[in-house]
Amino acid sequence: MTYTQIAILAVLFAISFDLYLFNTQLLKRKVFWTSYAIIVGFQLLTNWWLTSRKIVMYDPEVITGIRFFSAPAEDVLFGFALILSVLSLWINLGKRASANRA
């Protein structure tokens, strides 16, 4: 399995967790997209700094070659999947904790 395929799979899992498993529905909320816009800016800045200084390098044969501010598209996909998954899990655990207190 390639890095690109794993990144796409991670996004699909994150979307499935949000919409179906945890039913947090973050993708349907404006607040998520506003938060993500802020986070992705810092992700791109960090990725640009790490890749442009060759602190982190990628084998061109295992990525698509599409880059955003020097960061491979796969990193952007992984970042999205990570943010969505963590926020969905956080909300889900919060709902469970609230339900257990009642």
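The values are calculated or read from the model by the stated rules, or taken from the named source; none is laboratory data. Bear in mind that the values here come from a model prediction, so they are computed numbers and not experimental data. Every residue, glycine among them, receives a Cβ derived from its backbone with ideal geometry; neighbour counts consider all protein chains shown. Accessible surface areas use protein heavy atoms only, side chains included; no ligands, DNA or RNA. Shrake-Rupley method; radii C 1.70, N 1.55, O 1.52, S 1.80 Å.
Assorted remarks:
- Rounded tilt (10° steps) of 3-16 against the dominant C-alpha axis of the chain: 20 degrees
- Put LEU26, LEU77, LEU93 in order of accessible area, highest first, and with a 1.4 Å probe you get LEU93, LEU77, LEU26.
- Where a label projected 7 Å from the Cα of SER16 along Cα→Cβ would reach, residues of the stretch 64-102 with amide N under 19 Å: 77-90, 92
- Cα convex hull volume per residue for the stretch 54-102 (Å³): 92 Å³
- For the stretch 64-73, 3J(HN,Hα) per residue [Karplus equation, 6.51 cos²θ - 1.76 cosθ + 1.60, θ = phi - 60°, Hz, x = Gly/Pro]: 6, x, 6, 10, 10, 6, 6, 8, x, 4
- One chain, two ends: VAL56 and LEU9. Fully extended at 0.36 nm per residue, the span grows by 14.7 nm beyond their Cα-Cα distance.
- Gained length - ILE39 relative to GLN25, 0.36 nm times residue gap less alpha-carbon distance: 3.2 nm
- For PHE68, the residues whose amide H sits under 5 Å from its own are ALA73, ignoring neighbours fewer than 5 places away on the same chain, with H placed 1.01 Å from N.
- Rounded tilt (10° steps) of 30-52 against the dominant C-alpha axis of the chain: 30 degrees
- Values of log10 I(q)/I(0), in the order q = 0.15, 0.17, 0.25 Å⁻¹, for the stretch 1-95 under a Debye, Cα-only, solvent-free model: -0.63, -0.78, -1.24
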